[in-house]
Amino acid sequence: MRMETIHLIDGSEIEILHSPDMTAAQWEETKTYLQGNPDEVKKLTEHSTNPDHIRKQQSMRTIADIWQQRIDDGDEDFAKKMKELEEDPEFELLFKDIKEYRVTEVRAHLDNDILMAKVSAKMGGVPREVRQSLDNITRKPITLQDACKNGDVHALQHYLSETDASPEFRDLDAKDHKGVSCLGYAVGANRLFVAKLLVEMRADPSCVDLAGNSSLHYAAGYGRQEMLQYLLGLGVDVTLKNF
């Protein structure tokens, strides 16, 4: 596997993983689609780096698996509720988009919390069988940035261990949907041990977010005195201005 830079028609760039499982034709088709649809690329990027979106997707998938199991088990009451849901005019567009595989539209429906709450209520609420699983999804860090923000040293060490043999795939300066890096979150959340470990593993203290804020801006802005002294000791540029 390798990362490849794709140049989009709006002048922006994005790095994506080139999977060896894709044929040359599939890869070219994927690149062509991404190059011509920068808005869709931005949405996909946000969904793949936003822990809240990812948690929502995982939760929905967990519930959907239970629903499917009930259908497979011949639960007539549940099947009746599902049929009534499909026939309800309020959810007509949702099921139409699902059946037509309209990915963008379906994602918009799934992001509609009010609509999804109505679906859940119609189907009898959150199944008892998945409540513990949903609680685990809520508690577990989703992204590396999420782990660093929460001070999850074990998750960070696991990532470092997993990428130790292939450091070229290790990207500690990767940014989430807000443009914030792992170090940015560690500094902002005052996770000094995590911040030191990241810097030791070559995370860039001068990496900035979408507003031009560096780790030094976070430390000063949040009043993290010990963190600020540590960053100053690294020789971070104190003249760097945000936007």
Tell me yes or no: at least one residue of region 136-145 is under 18 Å from residue 222 (Cβ atoms) and surrounded by 19 or more Cβ atoms within 10 Å (Cβ to Cβ).
yes
Basic (Lys, Arg), more than 26 Å from residue 61 (Cβ to Cβ) and either in a helix (DSSP H, G or I) or in contact (Cβ under 8 Å) with a residue 24 or more places away in the chain (or both), is that true of residue 196?
yes
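Residue-wise test of (1) more than 30 Å from residue 139 (Cβ to Cβ); (2) surrounded by 13 or more Cβ atoms within 10 Å (Cβ to Cβ); (3) in the same structural domain as residue 171 (by TED's automatic domain parsing); (4) among the aliphatic types (A, V, I, L, M).
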residue	(1), (2), (3), (4)
13	yes, no, no, no
26	yes, no, no, no
30	yes, yes, no, no
40	yes, yes, no, no
94	no, yes, no, yes
Output yes when any residue across region 102-116 is small (Gly, Ala, Ser), more than 18 Å from the chain's Cα centre (by Cα) and assigned to a helix (DSSP H, G or I), and no when none is.
no
List the pairs whose first member sits in region 119-130 and is of a type in the set (Asp, Glu), whose second member is surrounded by 15 or more Cβ atoms within 10 Å (Cβ to Cβ), and whose Cβ atoms are under 6 Å apart, counting only residues at least 6 apart or on separate chains?
129/66
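Given the options 208, 180, 236, name the one that is part of a loop (DSSP other than H, G, I, E, B), among the β-branched types (Val, Ile, Thr), surrounded by 13 or more Cβ atoms within 10 Å (Cβ to Cβ) and over 23 Å from the mean Cα position of the chain (by Cα). Please lay out each step first, then the result.
Numbers: 208 fails: over 23 Å from the mean Cα position of the chain (by Cα); 180 fails: over 23 Å from the mean Cα position of the chain (by Cα).
Answer to the selection: 236.
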Restricting attention to region 40-91, which residues are without any contact (Cβ under 8 Å) to a residue 60 or more places away in the chain and assigned to a loop (DSSP other than H, G, I, E, B)?
73, 74, 75, 88
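The values are calculated or read from the model by the stated rules, or taken from the named source; none is laboratory data. Note that the coordinates shown come from a computational prediction; the quantities given were computed from them, not determined experimentally. Backbone-built Cβ (ideal geometry, glycine too); neighbour counts: all protein chains shown.
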